[in-house]
């Protein structure tokens, strides 16, 4: 039994380059590298789109906001696997254009991620006191400027941990790309397991560890962003004091001077 375990791990080490990048550079990128690439694209697209939708919910008239919320609820109710399937087979039929497999998966994941991020950011917008918006409007800002310069920076700092959770979930959901033939990490693992019968435990343990490293990297990026954007909060946490958020001064159009908006 120990010899079998050793030979199984030896086989995994021999197949590690294929698990990491497929046949690259002699062929297309696959495996863990493709999984990480799709995850990064999906996270970036979901974040940008989610923040935009949250801003629309905040600024749009009530009827339009209700329609957008209903659409977001529908997106969150659709299984990710079904959304990928629909995007791959229905998009060419409806739009008349062919979209590649990787692009289809990234688009589907970005849409589902944006639905969750929009909900997270909308909750963050609501948590910011109305007094800060009113102060910004009194200084001559438009509602969009108040949202962009006063509300959004505070919301991003507060919601970064929640955004990190959505990013990790999107990274794991890339494993569903097999349904449209994308040779990502889980697909490559299935191929390796099929060629090496009897070593399934070692193969999928190694793949689980690679997924763990990918998710750990994404969580580390979110944690680094938290430390960069909340240096004062980190110092206060180490000293056991409540954190104090401070916003950069905003130039007032009304009086032409800098005024700090937000709690001190």
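Annotations
- The number of residues in region 49-76 that are over 16 Å from residue 119 (Cβ atoms) and not in a helix (DSSP H, G or I) comes to 1.
- Among the numbered conditions (1) crowded, with 17+ Cβ neighbours inside 10 Å; (2) over 30 Å from residue 24 (Cα atoms); (3) modelled with pLDDT under 85, the only one that residue 193 does not meet is (2).
- Cβ pairs under 8 Å, 6+ apart, first in region 194-208 and without any contact (Cβ under 8 Å) to a residue 24 or more places away in the chain, second crowded, with 21+ Cβ neighbours inside 10 Å: 204/189
- Test for residue 199: is it crowded, with 16+ Cβ neighbours inside 10 Å and within 23 Å of residue 79 (Cβ to Cβ): no
- Any hit, region 2-20, residues being closer than 27 Å to residue 211 by Cα and under 17 Å from the mean Cα position of the chain (by Cα): no
- Verdict on residue 87 being farther than 26 Å from residue 168 by Cβ, in contact with a helix residue (DSSP H, G or I) (Cβ under 6 Å, 6 or more places away or on another chain), surrounded by 13 or more Cβ atoms within 10 Å (Cβ to Cβ) and modelled with pLDDT of 80 or more: no
- Residue ID - surrounded by the fewest Cβ atoms within 10 Å (Cβ to Cβ), chosen from residues in region 21-36 that are free of Cβ contacts under 8 Å to residues at least 40 places away in the same chain and in a helix (DSSP H, G or I): 33
- Restricting 127, 108, 135 to residues that are touching a residue at least 24 places away in the same chain (Cβ under 8 Å), surrounded by 17 or more Cβ atoms within 10 Å (Cβ to Cβ) and within 25 Å of residue 162 (Cα to Cα) narrows the list to 108.
- Per the listing 16, 72, 57, the residue uniquely within 19 Å of residue 217 (Cβ to Cβ) and touching a residue at least 24 places away in the same chain (Cβ under 8 Å) is 16.
- Evaluated against (1) closer than 25 Å to residue 164 by Cα; (2) at pLDDT below 85; (3) in contact with a helix residue (DSSP H, G or I) (Cβ under 9 Å, 6 or more places away or on another chain), residue 211 falls short on exactly one condition, (2).
- Among the helices (runs of 4 or more DSSP H) confined to region 77-161, the ones with at least 2 residues that are under 21 Å from residue 57 (Cβ atoms) and over 24 Å from the mean Cα position of the chain (by Cα) are located at 130-138, 143-146.
The values are calculated or read from the model by the stated rules, or taken from the named source; none is laboratory data. In this text the structure is predicted, and so the values were computed from the model without any measurement. Positions of Cβ are backbone-derived with ideal geometry, glycine not excepted, and every protein chain shown enters the neighbour counts.
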